[in-house]
Amino acid sequence: MGGPAPVGVVVAAYQPVGLTADLSGRTSAYLVADVRPQVSGVVKARLFQEGAYVRAGQSLYQIDPATYKASYDSAQASLAQAQAQLTTAKLKADRYKDLVAINAVSRQDNDDAQATYQQALANVAAQRAAVQQAKINLDYTHVTAPISGRIGKSTVTPGALVTANQTTALTTVQDVSKIYVDVTQSAADLLKLRHDMADGKLGRSGSAEVTLTLEDGSTYPTPGRLEFSDITVDPGTGSVGLRAVFPNPDGVLLPGLYVHAKLSKGVASTSMLIPQAAVTRTPTGDATVYVVGAGDKAEIRPITTTQTLGDKWLVTSGLKPGDRVIVEGLQKVRPGGAVKPAVIAAQR
């Protein structure tokens with residue numbers, strides 16, 4: 001009969017472990033603005049190249065300004081006429097004010113002159129407002145970019161008739177210098193996280209950093225940050241919305257991408273990391289490990305695992321610091337059998 005079976009062991013120890021959650025979601029532009037006309041007319045020219053970068057205030061379309069220019073000129077003429085009438089009314093009102101003091105005109109005539117002057121003042125104000133409105137409409141024939149960003153395709157061509165505030169956008173401008181990533185987390189997971197923090201099982205993470213994995217499996221090189229967590233649970237899915245923002249200076253991230261976000265849940269200070277090779281499963285799926293017990297005898301120990309971190313299992317119960325967990329030579333180990341342990345690595 002052979003001697004004790006040689007086995008490799010690792011020594012269990014508590015260590016702070018940063019826990020993460022892998023959540024799927026989609027990207028969206030940091031700013032989005034639909035471009036719609038604010039006056040009606042025929043489009044005379046498109047002044048941008050589709051897909052180009054445009055700046056806020058840059059002209060995008062020219063609507064035929066002829067009728068609006070005529071309205072503006074008419075309003076200016078009406079203002080000039082009203083100002084001339086105001087001059088006449090003011091001179092008469094001032095003259096009658098002096099004459100009524102010496103009873104050279106009746107009080108009624110003076111009152112009429114003063115009222116005519118006030119009406120002339122009001123008419124000038126109204127005509128000045130009409131000029132301003134006509135100028136606004138004339139300026140609106142230059143359809144401008146509301147924000148800076150990348151512009152999409154145009155839905156109209158020169159010669160098309162557009163109407164004020166129509167439902168169909170002429171084009172869309174998106175600011176993708178930053179990108180939002182919207183993900184969801186189950187309300188049950190969020191509640192468990194809060195309970196673990198309240199019970200002292202988890203410490204709060206010192207960072208709201210989020211990393212991103214793209215559809216092709218590559219990792220986005222620049223980390224983002226968590227912007228906010230929604231305060232309402234979706235009754236249809238039982239989930240809570242989370243939003244992260246990522247810098248996107250090179251335009252690698254496009255709106256609508258399906259991505260995986262990894263965000264920090266907290267720090268487990270009383271957990272242990274055990275190599276996956278040490279863990280076996282019972283027919284019912286429960287996790288177990290072999291440990292070296294008293295007299296260097298192998299003992300089977302049930303444990304609780306929560307998630308994998310690289311090539312290790314995160315163990316939350318079943319082990320205590322100093323336990324020697326068998327990692328190598330498991331095929332030779334039997335419960336109660338003598339073993340010859342050798343530490344192969346310290347837990348990190």
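The values are calculated or read from the model by the stated rules, or taken from the named source; none is laboratory data. It should be emphasised that the depicted structure is a prediction, and the values quoted were computed from it without experimental measurement. Note: ideal-geometry Cβ built from the backbone for every residue, glycine included; neighbour counts use all protein chains shown.
Quick notes on this structure:
- Take the conditions (1) surrounded by 15 or more Cβ atoms within 10 Å (Cβ to Cβ); (2) modelled with pLDDT of 95 or more; (3) over 30 Å from Leu170 (Cβ atoms); Ala125 misses just one of them, which is (1).
- Test: residue in the range 25-46 that is small (Gly, Ala, Ser), in a helix (DSSP H, G or I) and touching a Ser or Thr at 6+ places or on another chain (Cβ under 6 Å): no
- Only one of Arg36, Arg26, Arg46 that is of a type in the set (D, E, K, R), closer than 30 Å to Val267 by Cβ and within 40 Å of the chain's Cα centre (by Cα): Arg26
- For the range 132-151, a residue qualifies if it is closer than 11 Å to Pro37 by Cβ and in a loop (DSSP other than H, G, I, E, B), and the qualifying residues are Tyr140, Thr141.
- Residues within the range 235-249 that are closer than 17 Å to Ser28 by Cβ and surrounded by fewer than 19 Cβ atoms within 10 Å (Cβ to Cβ), tallied: 4
- Flag for Tyr72 being of a type in the set (Phe, Trp, Tyr), surrounded by 13 or more Cβ atoms within 10 Å (Cβ to Cβ) and at pLDDT 95 or above: yes
- The set of residues in the range 187-241 that are among the small types (Gly, Ala, Ser), modelled with pLDDT of 80 or more, over 17 Å from the mean Cα position of the chain (by Cα) and in a strand (DSSP E or B) contains only Ser239.
- Failed condition for Asp250, given (1) within 30 Å of Ala52 (Cα to Cα); (2) in a loop (DSSP other than H, G, I, E, B); (3) touching a residue at least 24 places away in the same chain (Cβ under 8 Å): (3)
- Against the list (1) out of contact with any strand residue (DSSP E or B) (no Cβ under 9 Å at 6 or more places or on another chain); (2) without any contact (Cβ under 8 Å) to a residue 12 or more places away in the chain, the condition Lys92 fails is (2).
- Qualifying residue in the range 257-271 (condition: of a type in the set (Phe, Trp, Tyr) and in contact with a Gly (Cβ under 9 Å, 6 or more places away or on another chain)): yes
- The condition (being among the acidic types (Asp, Glu) and either touching a residue at least 24 places away in the same chain (Cβ under 8 Å) or outside any helix (DSSP H, G or I) (or both)) is satisfied by just one residue among Asp22, Asp73: Asp22.
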